[in-house]
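To keep things clear, I will list the structure first and then write my remarks on it.
The values are calculated or read from the model by the stated rules, or taken from the named source; none is laboratory data. Note that this is a predicted model, so its numbers are computed, not measured. Methodologically, a virtual Cβ is constructed for each residue, glycine included, from the backbone with ideal geometry; neighbour enumeration extends over all protein chains shown.
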Amino acid sequence: MHIAFLTSEYPHPKVAHAAGIATSIKNLAIALTKKNVTVTVFVYQQNENTIIKDQGVTIHLIKRKNYKFLTWYFYRKHIQNYINTIVKTENIDLLEAADWTGITAFMRLKLPLVIRLHGSDAYFCKLDNRKQKFKNFVFEKSALLKAKGYIAPTTFAGEETAKIFGLKRTKIKTIHNGIETSVFQNDSPETYNKNTVLYIGTLIRKKGVLELAQIFNKVVLEQSEAQLVLIGSDSKDIKTGATSTYQLMQDLLSDAAKLQTQYLGKIPYAEVQEQIKKAQVCVFPSFAETQGMVTIESMSLQKPVVNTSIGWAKELIDDGINGYLVHPTDIDVYAAKIVALLKDKTLCLQLGKQARKKVETTFDIDGIADLNKAYYLSIINQNA
């Protein structure tokens, strides 16, 4: 079996951008190669055309191109022609792409297409209560209707996407994104920087970071030694037009909370795991995710996580057993959960231990790869 992925991001020094989707694709790609599946990754919107070999995966970087008009159309056709050429020479059996902005819309691909519901623009606009550009909706729906199958990282993401685009729910297979638990392992969970609260993710309104500022104000009132560490890229705020969401957070933080907040910006992926290990508590008060890779990574490293109580998170955490689920707007309760953890090392270790067990049984990439492989084979056989 030869499977290909089409993506705009992938974790590699030569790739321009990598975030949560990139991590999930790489985890799966490497796991599939270990199961005798040949894997090719096409990464578009790059700075150069080149082919890379990395951990058994062949990566094709496709350089961004601009045209005098209709760049969105002609660049898609360029990607299509490139992929079709490699499909023919390398005998690729199936291509997987993401739903975001419908990159495969208007493409005529010479192999079956599966779309993984990492989160369309329409999906995030619905969760974030924003109006979507009509063009983006058309592109995304066009791409989805051409696919032979769909994979959702959570049942919630699949059901919401089906409602938005009128897809048959029975055609959507729920397969969680997984991680290699042997890599995300913490041999000393009892060792951490006391009173450290860690957030990892883009600083953007939909991730609940403005609520996090208000939550931390409450935490500092109860636990004056608490430290908030923020990791991730800053971003423009869609609602206000502000150039920095971090500055909006600063405006919301109390004087005391500002002194206890540290923003590290975007750091190399290799350093993220060490930052998680240093934290006492990890927090992800997001309004819009399809799964949330960093939540799984934190749980695997035996960290107590205070997550959102919205849809997808209920498939990751069993509230009160291996973490906590609180709605981001419930500022007082969210803060109280964090404070309770900061004051109780035994509780932190207990939740962290159970979190690790949940990841081992539900999100280990070895079993996840088997599920993906079986689903790919079913789609390939349908189109034989």
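Per-structure values
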| quantity | calculated |
| --- | --- |
| Residue in the range 231-243 that is touching a residue at least 60 places away in the same chain (Cβ under 8 Å), buried (at least 22 other Cβ atoms within 10 Å of the Cβ) and not assigned by TED's automatic domain parsing to the domain that holds residue 11 present | no |
| Check on residue 212, in a strand (DSSP E or B) and crowded, with 22+ Cβ neighbours inside 10 Å | no |
| Every pair of residues 6+ apart whose Cβ atoms lie under 7 Å, when the first sits in the range 67-79 and is in contact (Cβ under 8 Å) with a residue 12 or more places away in the chain while the second is surrounded by 12 or more Cβ atoms within 10 Å (Cβ to Cβ) and not in a loop (DSSP other than H, G, I, E, B) | 79/44; 79/62 |
| Residue list for the range 143-170, filter: of a type in the set (Ser, Thr, Tyr) and free of Cβ contacts under 8 Å to residues at least 24 places away in the same chain | 170 |
| Residue list for the range 159-173, restricted to those being of a type outside the set (D, E, K, R) and assigned to a loop (DSSP other than H, G, I, E, B) | 166, 167 |
| Single residue of the range 244-298 satisfying the filter (of a type in the set (Asp, Glu) and surrounded by fewer than 22 Cβ atoms within 10 Å (Cβ to Cβ)) that is modelled with the lowest pLDDT | 271 |
| Helices (runs of 4 or more DSSP H) fully within the range 284-384 counting 3 or more residues that are in contact (Cβ under 8 Å) with a residue 12 or more places away in the chain and over 25 Å from residue 117 (Cα atoms) | 331-342, 345-362 |
| Total residues in the range 259-271, condition under 28 Å from the mean Cα position of the chain (by Cα) and without any contact (Cβ under 8 Å) to a residue 12 or more places away in the chain | 3 |
| Sole residue being surrounded by 18 or more Cβ atoms within 10 Å (Cβ to Cβ) and either touching a residue at least 12 places away in the same chain (Cβ under 8 Å) or in contact with a helix residue (DSSP H, G or I) (Cβ under 6 Å, 6 or more places away or on another chain) (or both), chosen from 126, 133, 173, 194 | 173 |
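Conditions tested, residue by residue: (1) assigned to a loop (DSSP other than H, G, I, E, B); (2) surrounded by fewer than 20 Cβ atoms within 10 Å (Cβ to Cβ); (3) touching a strand residue (DSSP E or B) at 6+ places or on another chain (Cβ under 6 Å).
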| position | (1), (2), (3) |
| --- | --- |
| 142 | no, yes, no |
| 150 | no, no, yes |
| 157 | no, no, no |
| 183 | yes, yes, no |
| 187 | yes, yes, no |
| 190 | yes, yes, no |
| 198 | no, no, yes |
| 221 | no, yes, no |
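This table checks each residue for (1) outside any helix (DSSP H, G or I); (2) in contact with an Asp or Glu (Cβ under 8 Å, 6 or more places away or on another chain); (3) surrounded by 15 or more Cβ atoms within 10 Å (Cβ to Cβ); (4) at pLDDT below 95.
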site	(1), (2), (3), (4)
9	yes, no, yes, yes
13	yes, no, no, yes
21	no, yes, yes, yes
24	no, no, yes, yes
27	no, yes, yes, yes
41	yes, no, yes, no
77	no, no, no, no
97	yes, no, yes, no
